[in-house]
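A.B. asks: I have a structure here, written as structure tokens, and I will follow up with some questions on it.
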């Protein structure tokens, strides 16, 4: 009889699948660099995509396509690139884009670091243009793995980082954020849960792989619609 799969072996397989997915998606993103952001026919709330660190909006491609099919105009922030700038800088660029495009009633859809950027935008003067955010696998409390990484860009996710702690202490917009996260995230052992926000845990594994899963896409579209069309009782 075959020995039962150990938890450690399962985690290794899940990690490998996660890295294989993001590597393939990054290649697809490079090959499709000139393709525009998919956008819906209108009628739905405008959506602005905020990718994670070392990502472009194209890693959110399946989510963007699902939102466009649901009728949402989808936007990417010009100049954000691979989102390597500090959270404050990326937030300033995003806020400037919202103002320049005169977008109103916006729902931010973010992955990983993008959720930190989005929260800072919501706290800024441009936050009046944003009705809420759906953040996928965002390290709102940081990741203890960050201490082992090289470079300020990644070490900024340490749970002890002053800027991250200051952002976490700002609670006024948390109720307008939906945090969506997998049951196992190899990058964020603390999970993407946001205290005070709406939390949706999915039976998925990986930091990147869930972005291409129809289950996650459906949840994001549903949550965007919910945020954009609040009930009379909020």
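The values are calculated or read from the model by the stated rules, or taken from the named source; none is laboratory data. Source: prediction; values computed, not measured. FYI the Cβ positions are ideal-geometry reconstructions off the backbone, even for glycines, and counts take in every protein chain you see.
A.B. asks: For residue 116, indicate whether it is touching a residue at least 24 places away in the same chain (Cβ under 8 Å), within 20 Å of residue 168 (Cα to Cα) and buried (at least 22 other Cβ atoms within 10 Å of the Cβ). Quick ask: steps written out before the conclusion?
C.D. replies: Working: touching a residue at least 24 places away in the same chain (Cβ under 8 Å): yes; within 20 Å of residue 168 (Cα to Cα): yes; buried (at least 22 other Cβ atoms within 10 Å of the Cβ): yes.
So residue 116 fits the description; yes.
A.B. asks: Name every residue in region 119-152 that is closer than 21 Å to residue 82 by Cβ and surrounded by fewer than 18 Cβ atoms within 10 Å (Cβ to Cβ), in order of residue number.
C.D. replies: Result: 145, 149, 150, 151, 152.
A.B. asks: Quick one: is residue 49 more than 17 Å from the chain's Cα centre (by Cα) and surrounded by 19 or more Cβ atoms within 10 Å (Cβ to Cβ)?
C.D. replies: no
A.B. asks: Continuing with this model, one more query. Search region 153-163 for residues being in contact (Cβ under 8 Å) with a residue 60 or more places away in the chain and part of a helix (DSSP H, G or I), and hand back the single one that is nearest to residue 84 (Cα to Cα).
C.D. replies: Restricting to residues being in contact (Cβ under 8 Å) with a residue 60 or more places away in the chain and part of a helix (DSSP H, G or I), the top hit is 153.
A.B. asks: Is it the case that residue 175 is touching a helix residue (DSSP H, G or I) at 6+ places or on another chain (Cβ under 9 Å) and at pLDDT 95 or above?
C.D. replies: Values: touching a helix residue (DSSP H, G or I) at 6+ places or on another chain (Cβ under 9 Å): no; at pLDDT 95 or above: yes.
The answer is no for residue 175.
A.B. asks: Would you pick out the residues in region 196-218 that are farther than 19 Å from residue 157 by Cβ and not in a strand (DSSP E or B)?
C.D. replies: From region 196-218, those farther than 19 Å from residue 157 by Cβ are 196, 198-205, 209, 212-218; that's our starting set.
Passing the criteria: 196, 209, 212, 213, 214, 215, 216, 217, 218.
A.B. asks: Return a yes/no flag: does region 73-83 have any residue that is surrounded by 15 or more Cβ atoms within 10 Å (Cβ to Cβ), within 16 Å of residue 57 (Cα to Cα) and touching a residue at least 40 places away in the same chain (Cβ under 8 Å).
C.D. replies: no
A.B. asks: Among the residues of region 47-80, count how many are touching a strand residue (DSSP E or B) at 6+ places or on another chain (Cβ under 9 Å), over 25 Å from residue 19 (Cα atoms) and part of a loop (DSSP other than H, G, I, E, B).
C.D. replies: Final tally of qualifying residues: 3.
Results for (1) modelled with pLDDT of 95 or more; (2) under 23 Å from residue 16 (Cβ atoms), shown as yes or no for each residue.
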position: 106; (1), (2): yes, no
position: 109; (1), (2): yes, no
position: 122; (1), (2): yes, no
position: 130; (1), (2): yes, no
position: 140; (1), (2): yes, no
position: 161; (1), (2): no, no
position: 166; (1), (2): yes, no
position: 190; (1), (2): no, yes
position: 202; (1), (2): yes, yes
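A.B. asks: Listed residues 108, 103, 98; which is closer than 25 Å to residue 216 by Cα and touching a residue at least 24 places away in the same chain (Cβ under 8 Å)?
C.D. replies: Values: 103 fails: closer than 25 Å to residue 216 by Cα; 98 fails: closer than 25 Å to residue 216 by Cα.
Testing whether each residue is closer than 25 Å to residue 216 by Cα and touching a residue at least 24 places away in the same chain (Cβ under 8 Å) leaves just 108.
A.B. asks: Also, quick follow-up: Among 147, 193, which is in a loop (DSSP other than H, G, I, E, B) and more than 24 Å from residue 98 (Cβ to Cβ)? Explain how you work it out, then say what you get.
C.D. replies: Working: 147 fails: in a loop (DSSP other than H, G, I, E, B).
Sole residue among the options that is in a loop (DSSP other than H, G, I, E, B) and more than 24 Å from residue 98 (Cβ to Cβ): 193.
A.B. asks: Still on this model: Considering only residues that are surrounded by fewer than 15 Cβ atoms within 10 Å (Cβ to Cβ) and on the phi > 0 side of the Ramachandran plot, which ones fall in region 181-234?
C.D. replies: 196, 234
A.B. asks: Moving on to the next point. Can you name every residue in region 10-37 that is assigned to a helix (DSSP H, G or I), at pLDDT 65 or above and more than 16 Å from residue 206 (Cβ to Cβ)?
C.D. replies: 27, 28, 29, 30
A.B. asks: Identify all residues within region 81-136 that are part of a loop (DSSP other than H, G, I, E, B) and either touching a strand residue (DSSP E or B) at 6+ places or on another chain (Cβ under 8 Å) or within 19 Å of residue 158 (Cα to Cα) (or both); write none if there are none.
C.D. replies: Here is the first cut: in region 81-136, the residues part of a loop (DSSP other than H, G, I, E, B) are 81-86, 102-105, 112, 124.
Of everything in region 81-136, those that are part of a loop (DSSP other than H, G, I, E, B) and either touching a strand residue (DSSP E or B) at 6+ places or on another chain (Cβ under 8 Å) or within 19 Å of residue 158 (Cα to Cα) (or both) turn out to be 83, 84, 85, 86, 103, 105, 112.
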